[in-house]
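Scroll down for the structure; my scribbles are underneath it.
The values are calculated or read from the model by the stated rules, or taken from the named source; none is laboratory data. Every value quoted in this text rests on a predicted model; they were computed, and no experiment measured them. Because the Cβ atoms are built from the backbone with ideal geometry, glycine has one as well, and the counts that use them run over all protein chains shown. For accessibility, only protein heavy atoms count, side chains too; no ligands or nucleic acids. Shrake-Rupley method; radii C 1.70, N 1.55, O 1.52, S 1.80 Å.
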Amino acid sequence: MKTLKMTIQLKYYAVGLIYLASSQAFTLPIGAKRIPNLMLPRIMGSEDLPDYGTTSVDVDKHRLEKKEKWARKELFGKSLLDQTITELESDEEFQRTLQRKKEIGSVGMTKEERIQRRRALHSLGIPGFNKFLADKLNSNGRLVRKDPEVLQINIGLYCNQACGHCHVESSPLRKEMMTSETAAQCLTLLKNAPSITTLDITGGAPELNDNFRYLVKMARALRPDIEIIDRCNLTVLHEPGQEDLVDFLKENKVRIVASLPCYSAENVDSQRGNSVFDRSISALLALNEAGYGRELPLDLVYNPLGAFLPPQQAKLEEKYKEVLDENFGILFNSLFTMTNMPIKRFADFLHRRNELKDYMDLLVRNFNSDTATQLMCLNTVSIGHDGKIFDCDFNQQLGLGIGSTGINEGGLSVFDLDSLTDLISYDIKNDNHCFGCTAGMGSS
């Protein structure tokens, strides 16, 4: 091959790779196109280029995700309620449950599912929870209450969604809501309980209760140091009248714990309703824009789709962060994996599929003794929308109140106490649903 030899003074030469030559002989094949000498800034050493070379060479896979597609600003102010009600009207399983509730009442259904769990355990040769706990821990099986650290308030069962796993059985059809009088008494108890470090506000969709903002503002004023948690379903941010909700939460430094049972649209929508995934992503982007996931804490919650335990929390959190960041640019702090409790709506689901026995067996087989010292009933006080007091949110939905003599029979109210420390002498109530809190990494 004939070549042309030439000497060049080349300081900068960039075509994918950068070559630097100074008074060196450079051989260029005849016919090759000459690249003009580019007067670029001084080439830096590799130690000054921390990101150079990190871009994947698979350029065919590079994508520019348009955040505007997922931000969906047009959703804000548009309600999900009508869609949820329409879906419930056409949901045969929901309608059968509703009819059964009309026939035997809420208490009757609670007793019915309790018997079903008991029969499942009996057929497996498994004793009641107390006896099981005593055998496993070589103790008397009695859970001992500690000074309260968490005050959890369920301020209403009204919700713009009707999720398949919901142990509270919330929906737009539930009208039970906490009154301002009850909310005020909850704040009085909070003020008189210095051991409380966390106020956990839940529902339903708690933000749709008229007293939600009152509770948050007053709690922040009474206890500037307290951690306030909003158990948020994310889609509530789009509801009419909630357009300023993100700003309100940010202003009051509220920690958001939000439900997102998967990072795929198909799984989320099958469990929580059509278009919920798109709305959830839109809401998370709005929260990120306000500083959540960075300056302010934003946590996500995973619930299994069916009768199985959650994956390992650390590994699933890593996967969530990878997918949500890569696909949507979403950041969050932590992921909590929760075991589905075999009560209420999920218990109905298991019973219809003839999976209750297998699920109870799964929970018992995966008993984790480490959870026994971390159970929420040990240091949590749970208050219902009507002011009644419970050991946990699950007991609340089953009507097993502190001091009660049976399901929704008697029990203490917020108006019976001067201080939450008055509860220290009461035994913790447990039953066969408690296996859900001791399986795997537990539930809360």
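So which of Asp361, Asp348 is open to solvent by 20 Å² or more (accessible area, probe 1.4 Å), acidic (Asp, Glu) and modelled with pLDDT of 95 or more? Being open to solvent by 20 Å² or more (accessible area, probe 1.4 Å), acidic (Asp, Glu) and modelled with pLDDT of 95 or more holds for just one of Asp361, Asp348, which is Asp361. Please verify whether Leu173 is at pLDDT 95 or above and open to solvent by 40 Å² or more (accessible area, probe 1.4 Å), treating the condition exactly as stated. No. Among the residues of segment 401-441, the ones that are open to solvent by less than 50 Å² (accessible area, probe 1.4 Å), out of contact with any Asp or Glu (no Cβ under 7 Å at 6 or more places or on another chain) and part of a loop (DSSP other than H, G, I, E, B) come to 10 in all.
Is segment 329-338 home to any residue that is outside any strand (DSSP E or B), closer than 15 Å to Gly440 by Cβ and under 17 Å from the mean Cα position of the chain (by Cα)? Yes, the conditions are met somewhere in segment 329-338. Looking only at segment 274-292, filter to residues that are open to solvent by 10 Å² or more (accessible area, probe 1.4 Å) and in a loop (DSSP other than H, G, I, E, B); which one of those is modelled with the highest pLDDT? For segment 274-292, the residue satisfying everything is Ala290. Could you count how many residues in segment 188-202 are open to solvent by 10 Å² or more (accessible area, probe 1.4 Å) and either outside any loop (DSSP other than H, G, I, E, B) or touching a residue at least 24 places away in the same chain (Cβ under 8 Å) (or both)? Summing the residues that are open to solvent by 10 Å² or more (accessible area, probe 1.4 Å) and either outside any loop (DSSP other than H, G, I, E, B) or touching a residue at least 24 places away in the same chain (Cβ under 8 Å) (or both) in segment 188-202 gives 7.
Under the condition of being loosely packed, with under 12 Cβ neighbours inside 10 Å and more than 22 Å from Val236 (Cα to Cα), which residue from segment 83-104 is farthest from the chain's Cα centre (by Cα)? Top of the filtered list is Glu103. Output yes when any residue across segment 305-326 is of a type in the set (Asp, Glu), within 30 Å of Ser90 (Cβ to Cβ) and open to solvent by 20 Å² or more (accessible area, probe 1.4 Å), and no when none is. Within segment 305-326 (the criterion being of a type in the set (Asp, Glu), within 30 Å of Ser90 (Cβ to Cβ) and open to solvent by 20 Å² or more (accessible area, probe 1.4 Å)), the answer is no, since none of the residues qualifies. Scanning segment 105-129 for residues that are among the hydrophobic types (A, V, I, L, M, F, W, C), farther than 17 Å from Val168 by Cα and open to solvent by less than 60 Å² (accessible area, probe 1.4 Å) yields Ala120, Leu121, Leu124, Ile126, Phe129. Residues that are modelled with pLDDT of 95 or more and either under 21 Å from Glu169 (Cα atoms) or of a type in the set (Lys, Arg) (or both) occur at least once in segment 401-409.
So that you can scan it fast, the table gives a plain yes or no per residue for (1) surrounded by fewer than 20 Cβ atoms within 10 Å (Cβ to Cβ); (2) under 17 Å from the mean Cα position of the chain (by Cα); (3) closer than 22 Å to Leu287 by Cβ:
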| residue | (1), (2), (3) |
| --- | --- |
| His167 | no, yes, no |
| Cys186 | no, no, no |
| Leu208 | no, no, yes |
| Val216 | no, no, yes |
| Ala221 | yes, no, no |
| Asp225 | yes, no, no |
| Glu243 | yes, no, yes |
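With respect to the conditions (1) touching a residue at least 60 places away in the same chain (Cβ under 8 Å); (2) open to solvent by 60 Å² or more (accessible area, probe 1.4 Å); (3) in contact with a helix residue (DSSP H, G or I) (Cβ under 8 Å, 6 or more places away or on another chain); (4) charged (D, E, K, R), Arg145 lacks only one, and its number is (2). Just a yes or no: is a residue in segment 335-345 touching a residue at least 40 places away in the same chain (Cβ under 8 Å), open to solvent by 20 Å² or more (accessible area, probe 1.4 Å) and among the aromatic types (Phe, Trp, Tyr)? Yes, the conditions are met somewhere in segment 335-345. Only one of the listed residues (Leu350, Leu356, Leu398, Leu363) is closer than 15 Å to Asn154 by Cβ and either among the aliphatic types (A, V, I, L, M) or touching a Pro at 6+ places or on another chain (Cβ under 8 Å) (or both). That residue is Leu398.
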